[in-house]
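The values are calculated or read from the model by the stated rules, or taken from the named source; none is laboratory data. These numbers were taken from a predicted model, which means no experiment stands behind them. Cβ coordinates were reconstructed from backbone atoms using ideal geometry, including for glycine residues, and neighbour counts include every protein chain displayed.
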Amino acid sequence: MTVDRNTKIGELLDADRTLAPIFLNMGMHCLGCPASRNETIEEACMVHGVDPDEILEQINEHLANK
């Protein structure tokens, strides 16, 4: 799976639920809500004041280590 700034949170979590802690640690505690599922990684980071490159690095590292 290719993960970039435009990847939807819901699609990503459907593919790998073990990524949830990355989003929880950035303050995104509404992972099950329909609105957050349709946000892109970039949109979620903007709302929560997080650098999307840092989150993408964490996500891609997590996926590479599986």
Filter the stretch 35-49 for residues that are touching a helix residue (DSSP H, G or I) at 6+ places or on another chain (Cβ under 8 Å) and outside any helix (DSSP H, G or I); which is nearest to Val3 (Cα to Cα)?
Thr40
Assuming Asp14 fulfils every condition listed in (1) in a helix (DSSP H, G or I); (2) surrounded by fewer than 14 Cβ atoms within 10 Å (Cβ to Cβ); (3) acidic (Asp, Glu); (4) modelled with pLDDT of 95 or more apart from one, which condition is it?
(4)
If a residue has to be touching a Lys or Arg at 6+ places or on another chain (Cβ under 8 Å) and among the acidic types (Asp, Glu) to count, how many in the stretch 14-66 make the cut?
3
Are any of the residues in the stretch 24-34 surrounded by fewer than 16 Cβ atoms within 10 Å (Cβ to Cβ), assigned to a helix (DSSP H, G or I) and touching a Pro at 6+ places or on another chain (Cβ under 9 Å)?
no
Which pairs have Cβ atoms under 7 Å, sit 6 or more apart or on different chains, and link a residue in the stretch 39-66 that is under 14 Å from His29 (Cα atoms) to one that is assigned to a loop (DSSP other than H, G, I, E, B) and small (Gly, Ala, Ser)?
His48/Gly27
